[in-house]
Amino acid sequence: MKIFLLLFALGFCWAQYSPHTQQGRTSIVHLFEWRWVDIAKECERYLAPNGYGGVQVSPPNENVVVTNPFRPWWERYQPISYKICTRSGNEDEFRDMVTRCNNVGVRIYVDAVMNHMCGDGQGAGTHSTCGSYFNAQTRDFPAVPYSGWDFNDGKCKSGSGGIESYQDIYQVRDCRLTGLLDLALEKDYVRSTLAAYLNRLIDIGVAGFRLDACKHMWPGDIKAVLDKLNNLNTKWFPSGSKPFIYQEVIDLGGEPITSSQYFGNGRVTEFKYGAKLGTVIRRWNGEKMSYLKNWGEGWGFMPSDRALVFVDNHDNQRGHGAGGASILTFWDARLYKMAVGFMLAHPYGVTRVMSSYRWSRNFVNGKDTNDWIGPPNNNGVTKEVTINADTTCGNDWVCEHRWRQIRNMVIFRNVVDGQPFSNWWDNGSNQVAFGRGNKGFIVFNNDDWSLSSTLQTGLPGGTYCDVISGDKSGNSCTGIKVSVSSDGKAYFSISNSAEDPFIAIHVGAKL
Ligand code: QV4
Ligand code: CA
């Protein structure tokens, strides 16, 4: 009986580290700035049929309307209230999205902005996405309500009231991040108000939360809010399920605040992952893919069961946040597909795929002066995500999650889930291969010459369709065919000038 209680207790507390995806689904896609009506449709027509586990959505709560620059994407990180009312849609549309996605086994994770309200320079009035009045100068947010008592003004010890040094853990938590009015999360009233907002979302049916700017909140204050949360809605989740939590903490080393200080609350974003993988795939600083043999904890990353990983995110794909120039994005499509393919094939972490929109970049001295540009819109109204005949998206939505190579690697990850990292091979340079037990195998050629090798795949003998160059369609392959002999070996030939210089096979794409 004691063992059972221990396992139950452990299982119980593990829950906030589990994304609660449906059996056989493993990855999250960030549908950045999408409208709720479009996400609901995408769950039914694309994400469920292609095995996506869940969607991270942009902050659904009322935010300030910024007109200079015109409606930047980042206005959504300046809360005015917790009314579900933004450019992505209203509460009815949000509820409909969560219900329809859950009904096809696709979870919804909400980007929750708990650390602050709007910028101290946002003035007063009703320029907010639901028309609520606020006054930043007097810290007055009657639609919550919050007043001066609920902010950290008196607590911050820096001269400017803003964060002046990331070496000072008190400033980082108690002062303003880029002028954003910092909430006093040590107050029970603020903790209860935030918990009430998250509990409304839990009641609607969301599966968990991306917690924004966690470095700027004390881990204990975050825990105090999480301890007030209800279990997930039993309409879609087993009784006793706790919300999945992944905390945005940018820890590239060199600061007193570290990711591990937040492990007690849930998973943490591992920003070293995308920064390092970008450097390796770009072959900068002498990095080589053959060094990826011990990828994961071997590279100094946090434990895999605490990590949320990604190649790029909404910040660093446009020069915000962390990661720098090495970050690969959809703008670097060929290398990007290799990086995302590697991430989805490797067992480390819970994986998140970025889905972006195009904007007109304008580099001046290496910085994109248009990094603020918001989603495709008609005079501020976000455009619909249209779907073209070839299944790509229109209206400047990039839809990386629909790219064959990425969609098929999400399926690859589902097929190999639980299988060990195995059969590593490399040529000492940038040609590498590895398997996942007896379920899948992937080969990369990132050298400036062709790859031609017979490798041990670990797979059962037979003919497999390469899911990078094509699909398995009926009883044939639309792309490259790979024949694995009864001893598990297969010959691979990959030109360094191939459109996508990597091949992936798995037992779900076997003729
Ligand atoms: C400006 C000045 C301030 C001044 C203020 C006066 O810079 O010095 O005090 O005006 O109001 C926007 C503007 C910024 C402006 C600020 C307040 O870009 O110039 O300050 O608003 O008006 C996003 C953007 C920010 C944006 C913010 C709020 O990246 O540029 O600021 O939204 O709109 C750190 C954190 C990490 C954070 C990362 C970006 O540790 O947590 O920086 N990442 C998350 C989100 C990110 C978001 C925030 C946090 C804030 O992923 O998207 O910032 O919620 O590394
Ligand atoms: Ca803070």
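Values as computed for the structure displayed
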| item | result |
| --- | --- |
| Criterion: over 31 Å from the mean Cα position of the chain (by Cα), surrounded by fewer than 16 Cβ atoms within 10 Å (Cβ to Cβ), more than 11 Å from ligand 1 (Cβ to nearest atom) and more than 20 Å from Asp212 (Cα to Cα) - qualifying residue of Gly131, Gly159 | Gly159 |
| Qualifying positions in the stretch 151-174 - within 12 Å of ligand 2 (Cβ to nearest atom) and not small (Gly, Ala, Ser) | Phe151, Asn152, Asp153, Lys155, Cys156, Ile163, Ile169, Tyr170, Gln171, Val172, Arg173, Asp174 |
| Checklist (1) more than 14 Å from ligand 2 (Cβ to nearest atom); (2) hydrophobic (A, V, I, L, M, F, W, C); (3) surrounded by fewer than 22 Cβ atoms within 10 Å (Cβ to Cβ); (4) farther than 17 Å from Asn265 by Cβ applied to Leu177, failing item | (1) |
| Any pair with Cβ under 8 angstrom, 6 or more apart, that starts in the stretch 58-82 at a residue that is more than 20 Å from Val98 (Cβ to Cβ) and ends at one that is more than 12 Å from ligand 1 (Cβ to nearest atom) and among the aromatic types (Phe, Trp, Tyr) | Val64/Phe134; Ile80/Phe134; Ile80/Phe141 |
| Residues located in the stretch 357-379, provided they are within 25 Å of the chain's Cα centre (by Cα), loosely packed, with under 13 Cβ neighbours inside 10 Å and of a type outside the set (Lys, Arg) | Ser360, Thr369 |
| Residue in the stretch 288-296 that is within 18 Å of the chain's Cα centre (by Cα) and aliphatic (A, V, I, L, M) present | no |
| Residue check for Arg95: surrounded by fewer than 24 Cβ atoms within 10 Å (Cβ to Cβ), part of a helix (DSSP H, G or I) and modelled with pLDDT of 95 or more | yes |
| Some residue of the stretch 196-215 being part of a loop (DSSP other than H, G, I, E, B), in contact with a His (Cβ under 7 Å, 6 or more places away or on another chain) and more than 15 Å from ligand 2 (Cβ to nearest atom) | yes |
| One residue from Thr234, Thr178, Thr138 being more than 27 Å from His314 (Cβ to Cβ), modelled with pLDDT of 95 or more and touching a Gly at 6+ places or on another chain (Cβ under 8 Å) | Thr138 |
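The values are calculated or read from the model by the stated rules, or taken from the named source; none is laboratory data. Model, not experiment: these values are computed from the prediction. Counting neighbours? That spans all protein chains shown, and the Cβs are built from the backbone with ideal geometry, glycine included.
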